[in-house]
Amino acid sequence: MKLPVLWCIGGMDSSSGAGLARDTITASQLHTLPCTLTTLVSAQSHHALFAVQPTCCELLNDQFNALLADNAPDAIKIGAVANDEQLALIASQLTRLKEHSPALPVIWDPVLKTSAGGVLSGLSARAIADIAPFVTVVTPNINELSELTALAVENGEDAFAAARELLELGFDYVLIKGGHADWQKDATDTLVSLTEHYHYTTARYKEAHVRGTGCTLATALAAFMAEGYQAPDAVCLAKGCVSKALSACYHTRGALVPGICRRPENISDFPQVSIGDERPYKDDSANATAAEYRPRFLPLIHNSATIYPVVDSVHWLRKLLPTGVRLIQLRIKNVSATVEGEVKEAVGLAKQFDCQLFINDHWELAIKHRAFGVHLGQEDLQNADLPAIAEAGLRLGVSTHGFAELCRVIPLAPSYIALGHIFPTRTKKMASLPQGIHRLARYVSLCKNIPTVAIGGISPARLQDVKNTGVTHAAMVTAITESADPVAQTYALQEAWRGTE
């Protein structure tokens, strides 16, 4: 098996509590091959910094060239950089690397001071601006965010203002680490881009200080991006890793360091995730505010494993409902004066055939005409009146496209969770990448008792592999609508799905 290659650029910490020592430990535990480039050597214990010696730029450049000869990176993690000259050299090498791999993920953990006490680097505003366009995610804590921007950061509003300053320099994402955010009750890290922001919340660790958590988080983030995860999902996984490492941390020579960094396996290992201005949903009505309390959605009535046709017109419902399908979705994307009439007719047809009909997006019409359920995407989830949907007795299905969205939706406990897109698809332009069978199995295992739907590029030849993941239903689109005989194909797909049981 070929391991993803992660280049770790940073300083040597003689105590092994942080820096490249912690990077190599974390990367190895996550089955990623770490290759190191040393920017400085420090003499430090867990409690004090005694000396720092920067690596000369000529030697640092030689390290880059040596690694390029053997192991091109799948991602790069940058830690402590001693001075502007080193940062300029790194920027130059990143220019060279990105000519061949434009999407190469670069994570910068801007370590300016050692957690043992003492200054490791001094970087000018110009040098920071020059490196910004090459960095995918920069991961400052509150103190580092203030130093990088020369802005006071004393509350959440300050933190967002400082993050915007960094985004304007050219960083793709800023991950604001909340460990030093004294105004937060819990520890919330926020991933900010020019278009979106995700919040990842975990309980604060009971011990006051654990060394190396910043290195662990940034390296885990880089390791997951080396595997092809996009930033929001990679952060979600990395936060889960840090939580598991903190739960197993241990004392060494009077200091606490993280334990083994393992991949999160259960939903309890992951952070709570919210997007934009929303708060994470809670299942505890006694202790949750109105904004946090989640409505309760009814379960599916017919929940035996089956195919789930997704069609764009009532015409298709008339064709497919007589085949005995028990679950179907009407996805009308063209907004016109006929939409309400189609929804009304669709609801009547579905009731006639005892089929669970989900209306995509048009939740107000679904309520008005008493559909069985409504299916919402992530953006629609932010705008829809979820309590109204639940109070009307409608079921809720929700689309997800990775770990972050899944962790956002699971606490909502919808009637089903759609997982996709699993394979390349032509039916919809997707911002996410195909998830594949392995990830589908991971997602299904996290959903526990919530029914799941696999969607995206599922052909008859792929049904067995999809069913083997444990997913409840398989959404079928072009496999039916582009078939020479859609009715016969629907019968055949139902039989094929039952045959995989």
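The values are calculated or read from the model by the stated rules, or taken from the named source; none is laboratory data. Quick caveat: nothing in here was measured; it's all calculated off a predicted structure. Glycine also receives a Cβ, built like all others from the backbone with ideal geometry; neighbour counts cover every protein chain displayed.
Under the condition of being in contact with a helix residue (DSSP H, G or I) (Cβ under 8 Å, 6 or more places away or on another chain) and not hydrophobic (A, V, I, L, M, F, W, C), which residue from segment 161-183 is nearest to THR149 (Cα to Cα)? Talk me through it step by step, then tell me what you get.
Going through segment 161-183, the residues in contact with a helix residue (DSSP H, G or I) (Cβ under 8 Å, 6 or more places away or on another chain) turn out to be 162-163, 165-166, 169-181, 183.
When the remaining residues are screened for being not hydrophobic (A, V, I, L, M, F, W, C), the result is 165, 170, 172-173, 177-180.
Details: GLU165: 7, GLY170: 13, ASP172: 16, TYR173: 15, LYS177: 15, GLY178: 17, GLY179: 19, HIS180: 17 Å.
Filtering first and then ranking leaves GLU165.
Would you call TYR308 of a type in the set (Ser, Thr, Tyr), farther than 19 Å from ALA384 by Cβ and either modelled with pLDDT of 95 or more or buried (at least 20 other Cβ atoms within 10 Å of the Cβ) (or both)? Give the derivation first.
Values: of a type in the set (Ser, Thr, Tyr): yes; farther than 19 Å from ALA384 by Cβ: yes; either modelled with pLDDT of 95 or more or buried (at least 20 other Cβ atoms within 10 Å of the Cβ) (or both): yes.
Yes; evaluated as a whole, the condition is true for this residue.
Remark: LEU6 matches the filter, which requires a residue to be among the hydrophobic types (A, V, I, L, M, F, W, C) and either surrounded by 24 or more Cβ atoms within 10 Å (Cβ to Cβ) or under 16 Å from ALA245 (Cβ atoms) (or both). Given the condition out of contact with any Pro (no Cβ under 7 Å at 6 or more places or on another chain), in contact (Cβ under 8 Å) with a residue 40 or more places away in the chain and under 23 Å from MET225 (Cα atoms), answer yes or no: does some residue in segment 44-64 qualify? No, the conditions are met nowhere in segment 44-64. Which one is nearest to the chain's Cα centre (by Cα), of the residues in segment 55-71 that are over 12 Å from GLN93 (Cβ atoms) and modelled with pLDDT under 95? The residue in question is ASN71. The residue that is farthest from ILE301 (Cα to Cα), among those in segment 470-491 that are among the aliphatic types (A, V, I, L, M) and surrounded by fewer than 18 Cβ atoms within 10 Å (Cβ to Cβ), is ALA484. Working only within segment 204-254, note down all residues that are buried (at least 24 other Cβ atoms within 10 Å of the Cβ) and assigned to a loop (DSSP other than H, G, I, E, B). The answer is ARG211, GLY212. Screening GLN44 on (1) at pLDDT 90 or above; (2) buried (at least 22 other Cβ atoms within 10 Å of the Cβ) shows it passes everything except condition (1).
Within segment 91-172, considering only helices (runs of 4 or more DSSP H) that don't extend past its boundaries, which have at least 3 residues that are within 27 Å of GLY276 (Cα to Cα) and more than 25 Å from the chain's Cα centre (by Cα)? Let's see the steps before the verdict.
On the way: elements: 125-131, 142-149, 156-169.
Here the list reads 142-149.
All conditions but one from (1) part of a loop (DSSP other than H, G, I, E, B); (2) acidic (Asp, Glu); (3) surrounded by 15 or more Cβ atoms within 10 Å (Cβ to Cβ) apply to ASP182; the one that does not is (3).
Determine whether segment 143-158 contains at least one residue that is modelled with pLDDT of 95 or more, surrounded by fewer than 22 Cβ atoms within 10 Å (Cβ to Cβ) and of a type in the set (Gly, Ala, Ser). Within segment 143-158 (the criterion being modelled with pLDDT of 95 or more, surrounded by fewer than 22 Cβ atoms within 10 Å (Cβ to Cβ) and of a type in the set (Gly, Ala, Ser)), the answer is no, since none of the residues qualifies.
What number of residues within segment 297-319 are of a type outside the set (D, E, K, R) and in a helix (DSSP H, G or I)?
The number of residues fulfilling the criteria is 4.
Across segment 5-47, what is the total count of residues that are of a type outside the set (A, V, I, L, M) and either touching a helix residue (DSSP H, G or I) at 6+ places or on another chain (Cβ under 6 Å) or within 10 Å of LYS77 (Cβ to Cβ) (or both)? Reasoning before the result, please.
Within segment 5-47, the subset of a type outside the set (A, V, I, L, M) is 7-8, 10-11, 13-17, 19, 22-24, 26, 28-29, 31-32, 34-36, 38-39, 42, 44-47.
Pick out the ones that are also either touching a helix residue (DSSP H, G or I) at 6+ places or on another chain (Cβ under 6 Å) or within 10 Å of LYS77 (Cβ to Cβ) (or both) and you get 7-8, 10-11, 13, 22-23, 26, 32, 34-36, 39.
Matching residues across segment 5-47 total 13.
Among the residues of segment 118-131, is any crowded, with 23+ Cβ neighbours inside 10 Å, more than 27 Å from ALA43 (Cβ to Cβ) and in contact with a Ser or Thr (Cβ under 7 Å, 6 or more places away or on another chain)? Checked segment 118-131: no residue is crowded, with 23+ Cβ neighbours inside 10 Å, more than 27 Å from ALA43 (Cβ to Cβ) and in contact with a Ser or Thr (Cβ under 7 Å, 6 or more places away or on another chain). Just so you know, in segment 413-432 the residues that are farther than 19 Å from THR478 by Cα and at pLDDT below 95 include one that is surrounded by the fewest Cβ atoms within 10 Å (Cβ to Cβ), and it is ALA431.
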